[in-house]
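Shown next, in structure tokens, is the structure this report addresses.
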Amino acid sequence: MKPAQLLLLAFVLVALARVIQSFSQRRMPMADFLFWILVWMGTASVIIFPDATSFLAHLLGIGRGADLIIYTSLLISFYLIFRLYLALVRLEQAITEVVRAMALQQLPESIDSRSDRGE
Amino acid sequence: MMDKCLAVVIPAYNEERTIIEVIRGLKQHGFVTLIVVDDGSSDRTGELAGQQGVILLTHILNRGLGGALGTGINAALRLGAEAIVTFDADGQHDPDDIARLLEPIAKGEADVVIGSRMLDSTGMPYPRRLANWTANVVTYLLFRGWTTDSQSGLRAFSSEAAARMQIMTSGMEVSSEIIAETVRNRLKWKEVPVKAIYTEYSLSKGQSFTVGLGTLMKLILARVQRSML
């Protein structure tokens with residue numbers, strides 16, 4: 001095993017430990033837990049058996065295994081950024097709703113019952 | 001229609017230099033129901049507006065123009081307003097124009113009236129004209145509604161029209177979204193020419209080039225979201 005493989009594997013192990021820790025402390029739902037376990041196990045197997053990616057790459061008509069990894073990681077990153085964007089938009093809208101509800105509590109019952117200060 | 005059934009919504013963010021003048025101007029023209037939405041200003045906008053005897057609604061956080069307009073329109077509907085006018089707090093509008101804005105609604109000719117600063121654009125600086133024209137083209141391409149001034153802050157709605165609008169965006173992109181909602185709900189709408197009072201101050205409050213680019217991005221995303229609804 002080459003030094004680069006050992007380093008990368010160590011990183012994956014740390015990530016896996018974090019996933020398991022979050023799940024056992026009930027900070028992560030089951031679906032997320034399975035997703036991340038799959039992602040990091042997949043990453044680990046690619047690190048241990050790099051030739052497997054070359055095989056897959058050839059099947060798909062991509063020259064090198066390393067290229068396949070870069071393409072898929074980019075795709076996954078973009079997808080995650082998109083999910084993050086949607087979550088952020090929902091969060092922003094939720095904040096606006098809370099701020100609006102608080103502002104509307106200042107509203108008088110009807111136009112006639114409003115204060116006539118300064119008129 | 002210049003009675004209690006009309007509500008004027010004034011979204012205001014850090015407008016302490018102009019807010020009093022704007023409120024006084026509107027009152028002198030006989031408008032009594034003024035709803036000022038202080039959109040989390042860090043200056044004295046809210047305090048000064050409150051002293052003028054308006055309905056003051058305070059956002060504890062800055063939510064942007066769309067957020068403030070949404071709150072103001074919602075409040076106007078709850079108060080039972082029959083028509084709603086939106087009016088910028090930076091002093092660029094002339095209260096004289098409101099009557100002309102309401103006329104098509106009172107006659108039943110339109111549900112939504114946009115006050116266009118471009119039908120008679122004397123006094124508008126050229127870079128501003130170009131920016132406005134770009135915004136109009138973008139609004140048309142995304143939402144199929146052509147106006148000569150898609151970014152105007154001076155508008156009037158019938159209460160039925162206002163109640164049907166679903167405002168989702170929270171920033172400057174709301175101006176185009178209102179046109180999108182008008183088109184989507186198949187509301188009758190028209191433009192009337194209004195004056196724009198361009199002072200150094202009101203010009204400084206407009207969108208800069210970079211803010212405009214951000215607005216463009218958000219509009220495209222809003223268009224995508226709409227197509228997914």
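Bear in mind these aren't lab numbers, they're just calculated from the coordinates by the rules spelled out. In this text, all values refer to a predicted model and were calculated from it rather than measured experimentally. Note that each Cβ is placed from the backbone with ideal geometry, even for glycine, and that neighbours are counted across all protein chains shown.
Going toward the positive end of the dipole of region B:131-229, with +1 on Lys and Arg Cβ and -1 on Asp and Glu Cβ, which of B:Ile167, B:Ser227, B:Ala196 do you reach last?
In region B:131-229, that residue is B:Ser227.
Place a point 7 Å from Cα of B:Ile20 in the direction of its Cβ. Which residues in region B:40-82 have their backbone N less than 15 Å from it?
B:44-54
With a Förster radius of 41 Å, plug the Cβ-Cβ distance of A:Leu75 and B:Thr148 into 1/(1 + (r/R0)^6) and report the FRET value to the nearest 0.05.
Working from the Cβ atoms, E equals 0.40.
By counting other Cβ atoms within 10 Å of each Cβ, how are B:Thr18, A:Thr43 ranked from fewest to most?
Values: B:Thr18 21, A:Thr43 18.
Ordered from fewest to most neighbouring Cβ atoms within 10 Å, B:Thr18, A:Thr43 come out as A:Thr43, B:Thr18.
If you average the C-alpha positions of region B:142-183 and of region B:103-135 separately, how far apart do those two centres end up, in angstrom?
For region B:142-183 versus region B:103-135, the Cα centre distance is 13 Å.
What is the angle, in °, between the Cα long axis of helix A:3-24 and the longest principal axis of the Cα atoms in chain A? Nearest 10 is fine, range 0 to 90.
40
Return one number: the angle in degrees, 0 to 90 and rounded to the nearest 10, between the long axis of the Cα atoms of helix A:65-104 and the longest principal axis of the Cα atoms of chain A.
Computed tilt is about 10 degrees.
Can you give the % of DSSP beta bridges in chain B that are antiparallel, to the nearest 5?
25
State the Cα centre-to-centre distance between region B:1-76 and region A:44-69 in whole Å.
Region B:1-76 and region A:44-69 have Cα centres separated by 62 Å.
Label A:Val14 and A:Arg90 with points 7 Å out from Cα along Cα→Cβ: what is the distance between them in nm?
3.0
Quick one: dipole size for the protein assembly as shown, taken about the Cα centre, charges +1 on Lys/Arg Cβ and -1 on Asp/Glu Cβ, in debye to the nearest 20.
So the dipole magnitude of the protein assembly as shown works out to roughly 1180 debye.
Which loop trypsin sites (Lys or Arg not before Pro) in region A:12-119, with loop taken from DSSP, have no more than 14 other Cβ atoms within 10 angstrom of their Cβ?
Of the trypsin sites (Lys or Arg not before Pro), the ones in loops of region A:12-119 whose Cβ has at most 14 other Cβ atoms within 10 Å are A:Arg26, A:Arg27, A:Arg64, A:Arg117.
Please say if chain B is rounded, prolate or oblate, where rounded means a/c under 1.5 for a ≥ b ≥ c the square roots of the C-alpha gyration tensor eigenvalues, and otherwise the choice is prolate for a/b larger than b/c and oblate otherwise? Walk me through the intermediate numbers first.
Values: a/c = 1.30, a/b = 1.16, b/c = 1.11.
Cα axes put chain B in the rounded bin.
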